[in-house]
Structures are given as structure tokens and as C-alpha cells.
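These notes concern the structure reproduced below.
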Amino acid sequence: MLIVDSQIHIWRNGRMSSHHRQVDNFPVDEALAEMAVAGVDCAVLHPPGALGDDVNVQAVEAVQAHPDRFCTLGHFDLQRPDREEIVAHWRERPGMLGFRFTFNQPQQKAWWTDGSLDWFWKACERQQLVVGLLASGPNIPVMGAIAEKHPGLRLNIDHLGRGGGGHGIKDSAAFADLPEMLKLAKHPNIAVKMSGAPSYSSDAYPYRNIHGYLKQIFEAFGPERCFWGTDITRMPCSYRQCVTLFTEELPWLKGRDLERVMGGAVIDWLRWKRPAAA
């Protein structure tokens with residue numbers, strides 16, 4: 001079974017936010033070594049926007065060195081004057097299959113609803129570029145409106161729609177608004193990254209108190225629109241346990257459904273023309 005991590009970060013010459021590993025560098029070679037121990041075949045790189053454009057360059061370098069192991073959802077300054085030209089030529093960068101944004105800075109939060117990104121959704125729809133968003137809370141229904149207006153645009157909800165790892169909310173409180181997110185399943189162009197699951201439980205592995213929420217998400221979106229992943233540099237458990245949480249501990253996830261969630265579906269969703277392993 002091919003195992004594809006739908007989100008990892010690599011970086012250099014900087015520090016990620018405090019809920020990630022506090023190291024100055026997490027290079028591709030270290031990521032590959034951890035993937036090998038965990039049994040992960042490949043991964044979707046998410047260059048951390050807070051660390052500048054150099055992380056996009058690092059992702060391109062990783063893809064050039066390991067085209068069968070990595071692809072990327074990158075980022076850029078959406079207020080640049082040449083922004084539409086950048087989107088039009090985005091695929092010319094090796095491995096770039098779309099974008100990922102968090103919109104978590106104060107000046108960015110209004111972008112969800114003020115219309116300033118209408119051009120971006122249209123451009124990505126036209127270029128068949130996938131967009132991943134850290135959508136949660138009040139932005140969940142907004143994401144549905146974007147999907148409805150742009151039916152050819154594929155959108156990913158990051159981290160089970162729980163808003164990332166910085167807020168520290170866990171267990172039932174973390175999933176209190178899950179019913180709102182499940183309503184988005186009616187849009188065939190919205191998928192869910194089932195990444196970061198261990199971080200939303202205060203239990204020990206295998207985090208049984210969140211299994212029911214994972215099942216609800218899977219039953220709503222199905223095996224073609226649910227993508228296993230980790231965001232490994234902020235997980236409270238080993239990389240291998242992130243894998244086995246899904247492959248061994250969820251009795252309702254078996255057979256072809258398991259194969260799709262663990263890797264096949266995200267490759268197809270991103271339209272990743274992954275070359276054969278060297």
C-alpha cells in the first residue's frame with residue numbers, strides 16, 4: 001500500500017511557530033529519514049509562509065532531487081502587483097501543484113469575505129491548481145460559498161477543519177463545530193486532510209476518544225476526499241504511530257478505502273503525475 005503524507009513542512013534558517021519543533025533547520029534529508037522509519041513513501045510539502053519565499057525554493061529543490069517522493073502546495077504574496085501572472089505560470093516550478101494558505105495574520109482575515117481574492121479563486125480554477133486552506137469556525141461556510149461559486153476549483157480543508165495546532169483545544173471541545181464542516185461534503189470539489197489527528201486528543205495513543213469524529217468525517221466525505229497526513233513536526237507521538245493510528249486502529253477503515261485514504265486519493269486529487277521510483 002502506497003502511503004502519502006498529505007502535509008509536512010521542511011525549512012531552513014528559521015524557527016516555526018512554538019507548537020512545532022523548535023529547530024532552525026528541518027531539511028529534506030531528515031524528513032526522508034523519518035519517513036523511511038515510519039513506512040511513508042512520499043509527502044506533499046507545505047512551505048511555511050511565515051518563513052518567507054526561500055521555503056518555496058527549498059521545496060523545488062526537494063522535488064528536483066526526489067520527484068517520486070515529493071510534490072508541493074506553495075505560497076506567495078497574494079498582494080503582489082504581478083500576482084495573476086504568478087498563478088498563470090505556477091506549474092512551471094517543479095512539483096508545484098497548487099497553493100496552501102492559512103490567512104491567520106490580522107490583515108489577512110478579512111480576505112475570506114471582502115472579495116479581494118475573487119481573482120485568485122478564478123485563476124486557480126482556470127489553471128487547475130488545488131488550494132489548501134486552514135479553514136475553521138466561521139470560515140467553514142465561507143469555504144462552501146467559494147466552492148459553490150467555483151465548481152472547477154478543488155479545495156482542501158486542512159487538519160480536519162480544526163484550525164491547526166496553536167490553540168491547544170482538544171477532545172470534544174475541538175470537534176464542537178464538526179457538524180458545520182460535515183455540511184461541506186455536499187460540495188464535490190471540497191476534500192479534507194485528515195492530518196494532525198493525534199494533536200486533537202488528550203488521550204494516549206491510539207487516541208480512541210477521537211475515533212468517532214474521524215469516522216464521521218470519513219463517512220461524510222468518503223475515501224476519495226479524505227487524505228491521511230501528519231504535520232509531523234508538531235505531533236505528540238512518533239511518525240509510525242501516526243501511520244498505525246489509521247492502518248491498525250480504525251476497524252471501519254479497511255481494504256480499498258484504507259488504500260485510498262492513505263495515499264491513492266490525494267495523488268489523484270492533486271493530479272500528481274508521480275514518476276516511477278528511481
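Dipole check for the chain: with +1 at the C-beta of Lys and Arg, -1 at the C-beta of Asp and Glu, and the Cα centre as origin, the magnitude is about 400 Debye. Secondary-structure-derived ellipticity at 222 nm for the chain, considering helices only, amounts to -9000 deg cm²/dmol, per-run term -39500 (n - 2.57) for DSSP H runs with n ≥ 4. The distance between label points at Asp82 and Glu224 comes to 3.9 nm (points 7 Å beyond Cα on the Cα→Cβ vector). The fraction of all Cα pairs in segment 138-228 landing in successive 10 Å bins from 0 to the largest distance is 17, 52, 26, 5, 0, given as whole percents.
Take Asp171, project a point 7 Å from its Cα along the Cβ direction, then tell me which residues of segment 186-226 have their backbone nitrogen under 12 Å from it. From segment 186-226, the list is 201-204, 209-210.
Multiplying the residue separation of Trp111 and Glu30 by 0.36 nm and subtracting their alpha-carbon distance yields 25.6 nm. Surface analysis of segment 170-278 yields an accessible area of 40 Å² per residue, using protein heavy atoms and a 1.4 Å probe.
Of the whole protein surface, Glu248 contributes about 110 Å² of accessible area at a 1.4 Å probe radius. The structure-derived value of volume of the Cα convex hull per residue in Å³ appears in the list [x] 120; [y] 130; [z] 179 under the label [x].
Counting only protein heavy atoms and a probe of 1.4 Å, the accessible surface of segment 154-222 is 51% carbon and sulfur. When a 1.4 Å probe is rolled over the protein heavy atoms, the share of accessible surface on segment 83-134 that falls to carbon and sulfur comes to 43 percent. At the listed q of 0.09, 0.14, 0.19 Å⁻¹, the Debye profile of segment 1-155, built from one uniform point per Cα, gives log10 I(q)/I(0) equal to -0.30, -0.74, -1.28. Since only Ala110, Leu97, Leu45 are under comparison, the one whose Cα sits farthest along the positive direction of the charge dipole of segment 1-123, derived from C-beta charges on Lys, Arg, Asp and Glu, is Ala110. Cross-linked pairs Lys122/Lys254; Lys170/Lys254; Lys109/Lys183; Lys149/Lys273; Lys109/Lys273: Cα-Cα separations exceed 32 Å for Lys122/Lys254; Lys109/Lys273. Each DSSP beta bridge with both residues in the chain is either parallel or antiparallel, and the antiparallel ones are about 5%. Computed over segment 112-162, the convex hull of the alpha-carbon atoms projects to a mean area of 3.2 nm².
Based on every Cα atom in segment 184-278, Rg and the maximum pairwise Cα distance Dmax equal 13.5, 41 Å. Once R0 is set to 25 Å, what does the formula 1/(1 + (r/R0)^6) return for the Cβ-Cβ distance between Arg93 and Val142, expressed as a FRET efficiency to the nearest 0.05? Calculated value: 0.30.
The values are calculated or read from the model by the stated rules, or taken from the named source; none is laboratory data. Treat the numbers as computed from the prediction; the structure is a model and nothing was measured. Methodologically, a virtual Cβ is constructed for each residue, glycine included, from the backbone with ideal geometry; neighbour enumeration extends over all protein chains shown. Note: accessible area is taken over every heavy atom of the protein model, side chains too, but ligands, DNA and RNA are not part of it. Shrake-Rupley method; radii C 1.70, N 1.55, O 1.52, S 1.80 Å.
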